[in-house]
Amino acid sequence: MKILAIETSCDETSIAIVEAWMVAKNTPKFKIVANTISSQVKLHAQYGGVVPNLASREHLKNLIPVFEETLKKASIKKQDIPKKIQLLAVTVGPGLIPSLIVGVNFAKTLGLITNLPIVGTNHLEGHIYSNWLDHSQEINFPALNLIVSGGHTQLVLMKDCFKYRLLGETRDDAAGEAFDKIARLLGLGYPGGPAIDKASQNGNPEAFKLPRPMIDSKDFEFSFAGLKTAVLYMTRTMTSEEISQKTPGIAASAQQAIVDVLISKTLGAAQQYKAKTIMVSGGVAANKKLREILTKKSTVPAFFPPIELATDNAAMIAMAAYFNFLNKKSPSVQAGWPWEQIEADSNLQLKTS
Ligand code: KG4
Ligand code: ZN
């Protein structure tokens with residue numbers, strides 16, 4: 001079946017068309033027909049982070065051009081949507097409520113016009129199922145997910161599809177947030193993750209001694225606020241020339257500290273829960289150092305989504321929606337069903353046990 005998915009949970013306006021089919025039980029295959037992402041990074045960079053009301057205005061402006069571009073890439077005419085597409089999907093949360101509402105309203109309107117069913121999709125499940133694009137036949141349960149984005153840092157064990165157990169999460173800042181805040185201290189702009197990733201390439205990861213918060217705690221909880229504070233204290237005594245001269249070393253040292261904690265906890269959890277597969281997802285899964293070291297150190301296969309599917313996109317929402325549709329897990333509406341079943345929920349969680 002072909003799925004048209006809409007993602008507007010934060011500052012990327014994205015619409016994708018994905019073809020999905022089953023090759024065996026729990027083993028779907030996916031082909032991305034089109035995946036358009038319109039980023040608002042430039043707009044928010046001047047404020048040092050995402051401004052929710054500006055983000056929703058931009059979604060409103062961008063959705064129709066992004067929709068038209070996606071249809072064009074897929075060679076589908078607007079009037080042929082009910083014949084060529086079988087399912088609609090939209091992110092309902094978690095995320096910024098003004099942003100989510102724009103996408104949800106767009107999806108409902110499209111559903112009303114086309115009579116296609118809609119699956120309201122959890123953004124975190126989108127990140128998780130992004131790993132199925134390239135690895136659907138290699139994922140074995142129990143599988144351990146490290147979800148690392150701008151808003152989340154979680155270790156989630158999956159006994160099967162939809163059987164989630166939360167092993168631990170951050171007590172304060174998310175890993176992506178730590179990258180963003182440290183980048184801001186270094187004057188590297190927003191979003192900080194890609195900037196630190198790049199600046200680190202010319203820096204020595206041992207140049208500065210920085211803490212690895214909670215690395216020795218026996219649980220699978222995280223904390224990154226202390227690391228940001230350590231960088232703040234360190235840079236406070238430096239002139240701006242000194243900071244810019246030492247930026248590669250500070251960036252590389254901070255990145256190494258974040259990566260060390262993420263990898264230590266992930267490998268510890270994988271061992272304790274006898275995970276057969278590790279999957280990393282979310283924006284921080286784009287980080288080169290994390291990819292390199294985890295792949296090298298893990299004794300079980302460690303998968304990452306393609307870089308362009310690590311950060312927010314609608315293709316991953318289509319993939320998660322397909323699982324939900326087959327398993328009737330998410331609220332989904334058919335033509336004539338109560339539309340209020342599809343509701344934006346900024347605090348939506350994974351249904352964990
Ligand atoms: O998943 P995502 O696009 O949005 C959320 O759901 O939050 O993740 C965005 C986060 C930002 O904090 C960004 O700085 C981080 O992912 N990020 C990275 C990299 N690319 C994006 N962090 C480290 N290294 C990267 N290459
Ligand atoms: Zn995300």
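Quick notes
- Note on the chain: GNM, Cα springs under 10 Å; of Phe303, Phe162, Phe179, the largest mean-square fluctuation is that of Phe162.
- Restriction of the chymotrypsin sites (Phe, Trp or Tyr not before Pro) in the stretch 6-115 to DSSP coil positions whose beta-carbon has at most 10 other beta-carbons within 10 angstrom yields Tyr47.
- Here the stretch 11-143 carries DSSP beta bridges of which approximately 70% are antiparallel, counting only pairs with both residues inside.
- Per residue, the accessible area of the chain comes to 44 Å² when a 1.4 Å probe rolls over the protein heavy atoms.
- Net length gained if the chain between Val23 and Asp345 were fully extended (0.36 nm per residue, minus Cα distance): 112.6 nm
- Cut-off under 5 Å, modelled amide H: who pairs with Gly168 long-range: Leu155
- Given charges at beta-carbon only (K, R positive; D, E negative), |dipole| of the chain in Debye: 740 debye
- Antiparallel bridges, percent of DSSP beta bridges restricted to the stretch 141-305 (to nearest 5): 60 percent
- For the chain, the longest site-free run once GluC sites (Glu not before Pro) in DSSP loop states with at most 16 other Cβ atoms within 10 Å are removed: 1-137
- Net +/- balance of residues flanking Asp216 in space, Cβ distance below 13 Å, scoring K and R +1, D and E -1: 0
- The stretch 218-236 and the stretch 146-211 have Cα centres separated by 11 Å.
- MRE, 222 nm, helices only [DSSP H, n ≥ 4, -39500 (n - 2.57), over the chain, to nearest 500]: -13500 deg cm²/dmol
- Charged side chains reduced to their Cβ positions (Lys and Arg at +1, Asp and Glu at -1) give the stretch 227-300 a dipole of some 400 debye around its Cα centre.
- Flagged links, alpha-carbon separation over 20 Å, of Lys2/Lys328; Lys2/Lys73; Lys159/Lys296; Lys25/Lys73: Lys159/Lys296; Lys25/Lys73
- Residue-span extension gain [Ser217 to Leu166] - 0.36 nm each, minus C-alpha spacing: 16.7 nm
- Global form of the stretch 207-335, assessed from the alpha-carbon gyration tensor, a/c cut-off 1.5: prolate
- Of the accessible area of the chain, computed with a 1.4 Å probe over protein heavy atoms only, carbon and sulfur atoms account for 52 percent.
- Using a cutoff of 8 angstrom between alpha carbon atoms and counting only pairs six or more residues apart, the relative contact order for the chain works out to 24 percent.
The values are calculated or read from the model by the stated rules, or taken from the named source; none is laboratory data. If you're wondering where the values come from, they're calculated on a predicted model, not measured in any experiment. Backbone-built Cβ (ideal geometry, glycine too); neighbour counts: all protein chains shown. Surface accessibility is based on the protein's heavy atoms, side chains included, excluding ligands, DNA and RNA. Shrake-Rupley method; radii C 1.70, N 1.55, O 1.52, S 1.80 Å.
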